[in-house]
Amino acid sequence: MNSVCVHGLGYIGLPTAAMLANYDNEVYGYDVDQEVTGRLRNGSVQLDEPGLRAFVTEAMDSGRLEIVDEVVESKYHLICVPTPFDRETKASDLTYVEGAAGAIAPVLRPGDTVILESTVPPRTTVDVVRPILEETGLAANDEFSLAYCPETVLPGDVITELRQNTRIVGGIGEASTTAAVRLYDTFVEGDVRTTTDPTTAEFVKLIQNTYRDTNIALANEVSKLARDYDVDSRDAIELANEHPRVDLLQPGPGVGGHCLPVDPWFLGHCSENLDLIRTARRVNDSMPGHVADLLSEALGSLNGNAIALLGVAYKGNVGDTRQSPALDLAAELQTRATKPPTGTTDGGITIESEPEGVEVLLHDPFVDDQVLNTVALDQAVAGADAVVVTTDHDEFAELDPGRVREQMNGSLVVDTKALLDPDEWRSNGFTFLRV
Ligand code: SAJ
């Protein structure tokens, strides 16, 4: 039985800790935030991931997952902490990674293995983590093992993907790689591939997400081009993908979440060679503005209109709103709509006008958020001049156009996720646009 201390009990650390425990490892789950550890000890799992609560409960009930408030001496240390990102400067913040390495150092013993899983700029394992651990006087690879192994799980399917995805392990030497592989072999049913160094493994993770982001950017640009030629982008992409070597992804209201909009920028940490990648990011970031353009063109003006956004989560069937395109669209609409000030003066006569602006109503079956002020479906749609499908939640595909038409004030629908049947909605009297 391996002893493993998992550092960081968030979206990746918690399921990984439970997985290791459910596969017979002796696991200590540590988080710097005592609210997180306290809640978990009381049996409360607040992350919105299918099956996770039961999976964690199983691990804790077995006695093989213990939630701790101090870092525990262990054969393995797995670092799964966040790497926050500044949207303005595009810089990554490695404070949590440094903190985790610093917390491991005092308990690091000869023969132990440290594995970094957090998504990081290339060279972080060798340039940031290694020196902190070597301050102990122990030599990496000779006296302790050090490796990088990225997580690649898809939110919404984390437990299955943790088991089944291929893992890429890069140790700072052969001994380090071998030691890390031994741990993943306890639960990974997919392949465990190795590479010669941690930097390659860090780089691989980033180019995977960059590939997806860039592919979506192409789809988004195709969508804008298709509109100029009066072509339906979805039909065109579906037919283009009939080619055996073409696999375009789908356009949408933008790219959200904590991975795709962020990871490509990590590649620019020590390189100037971000050209296509930078452009792709710009194209994806332009999409909320593009949807706002469609709305203002179709409505004539945004002012005085109520617009319901269906879907606040960054993607379908999850409740995660991080960097959600729907929220960017809501902000864009509000910025664009002008509110005439009350009591303006015109030729000496004071005109008392009501601020018009735009009313944006947010609804999401997975998100009940008082700060965002999400409302029930009926409340969002009733009286709306336009409805925009911003997230591909399965249940939106079941919307009844007849009922929505009765509730709405206007008749404009913009489907950014190609969830609705255009013919059905048009035959119910809607002006139907899709991205
Ligand atoms: N999206 C599109 N068009 C598409 C597919 C997705 O616009 O055809 C949008 C989604 O609506 C969403 C965004 O992209 O706003 C990201 O969603 P996603 O499902 O593509 O990916 P994430 O961010 O949930 O998870 C990604 C995954 N990476 C890859 O597929 C290469 C996942 O495997 C990674 O583990 C995760 O990032 C991560 O943690 O890095």
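Quickly run through region 34-74 and pick out the residues that are in a helix (DSSP H, G or I), open to solvent by 60 Å² or more (accessible area, probe 1.4 Å) and touching a residue at least 24 places away in the same chain (Cβ under 8 Å). Gln34, Arg41, Glu58, listed by residue number. Residue-level check: of (1) open to solvent by 30 Å² or more (accessible area, probe 1.4 Å); (2) farther than 18 Å from Ser176 by Cα; (3) modelled with pLDDT of 95 or more, Asp127 misses just (2). Taken over region 377-396, the criterion of being more than 14 Å from the ligand (Cβ to nearest atom) and either open to solvent by 10 Å² or more (accessible area, probe 1.4 Å) or in a loop (DSSP other than H, G, I, E, B) (or both) is satisfied by Leu377, Asp378, Gln379, Ala382, Gly383, Ala384, Asp385, Glu395.
The residues on offer are Gly304, Gly316, and the sole one that is surrounded by 16 or more Cβ atoms within 10 Å (Cβ to Cβ), assigned to a loop (DSSP other than H, G, I, E, B) and small (Gly, Ala, Ser) is Gly316. Within region 196-233, being open to solvent by less than 30 Å² (accessible area, probe 1.4 Å), away from the ligand (no atom under 11 Å from the Cβ) and in contact with a strand residue (DSSP E or B) (Cβ under 9 Å, 6 or more places away or on another chain) holds for Pro198, Ala201, Glu202, Ser233.
Within region 397-410, the set of residues being outside any helix (DSSP H, G or I), open to solvent by less than 20 Å² (accessible area, probe 1.4 Å) and either within 16 Å of the ligand (Cβ to nearest atom) or touching a Leu at 6+ places or on another chain (Cβ under 8 Å) (or both) comprises Gly410 only. Of the residues making up region 78-119, just one is of a type in the set (S, T, N, Q), free of Cβ contacts under 8 Å to residues at least 12 places away in the same chain and assigned to a loop (DSSP other than H, G, I, E, B), namely Thr89.
Suppose the filter is within 12 Å of the ligand (Cβ to nearest atom) and either open to solvent by less than 50 Å² (accessible area, probe 1.4 Å) or at pLDDT 95 or above (or both); does Gly289 pass it? Spell out how you get there, then give the answer.
Values: within 12 Å of the ligand (Cβ to nearest atom): no; either open to solvent by less than 50 Å² (accessible area, probe 1.4 Å) or at pLDDT 95 or above (or both): yes.
Considered against the rule, which asks whether it is within 12 Å of the ligand (Cβ to nearest atom) and either open to solvent by less than 50 Å² (accessible area, probe 1.4 Å) or at pLDDT 95 or above (or both), Gly289 comes out as no.
Whenever a residue of region 267-286 is over 13 Å from Leu218 (Cβ atoms), its partners that are open to solvent by 100 Å² or more (accessible area, probe 1.4 Å) and assigned to a loop (DSSP other than H, G, I, E, B), lying with C-beta atoms within less than 9 angstrom and at least six residues away or across chains, give the pairs Leu267/Asn273; His269/Arg123; Cys270/Arg123. Pairing each residue of region 295-316 that is at negative phi with any residue that is part of a loop (DSSP other than H, G, I, E, B) and aromatic (Phe, Trp, Tyr), provided the two are 6+ apart or on different chains, yields C-beta distances under 9 Å for Val312/Phe366; Ala313/Phe366.
Count of region 159-180 residues, restricted to those that are open to solvent by 10 Å² or more (accessible area, probe 1.4 Å) and within 16 Å of the ligand (Cβ to nearest atom), is 8. Would it be correct to say that Ala326 is away from the ligand (no atom under 11 Å from the Cβ), of a type outside the set (Lys, Arg) and crowded, with 21+ Cβ neighbours inside 10 Å? Answer is no for this residue.
For the condition closer than 26 Å to Thr321 by Cα and either without any contact (Cβ under 8 Å) to a residue 60 or more places away in the chain or surrounded by 22 or more Cβ atoms within 10 Å (Cβ to Cβ) (or both), Glu151 does not qualify.
Is it true that Asp400 is within 25 Å of Ala236 (Cβ to Cβ) and not small (Gly, Ala, Ser)? Steps first, answer last, please.
On the way: within 25 Å of Ala236 (Cβ to Cβ): no; not small (Gly, Ala, Ser): yes.
So Asp400 does not fit the description; no.
The values are calculated or read from the model by the stated rules, or taken from the named source; none is laboratory data. Worth saying up front: this structure is predicted, and the values here are computed from it rather than measured. Positions of Cβ are generated from backbone atoms using ideal geometry, with glycine treated the same way; all protein chains shown enter the neighbour counts. Each accessible area value is taken on the protein alone, full model and side chains, heavy atoms only, with ligands, DNA and RNA left out. Shrake-Rupley method; radii C 1.70, N 1.55, O 1.52, S 1.80 Å.
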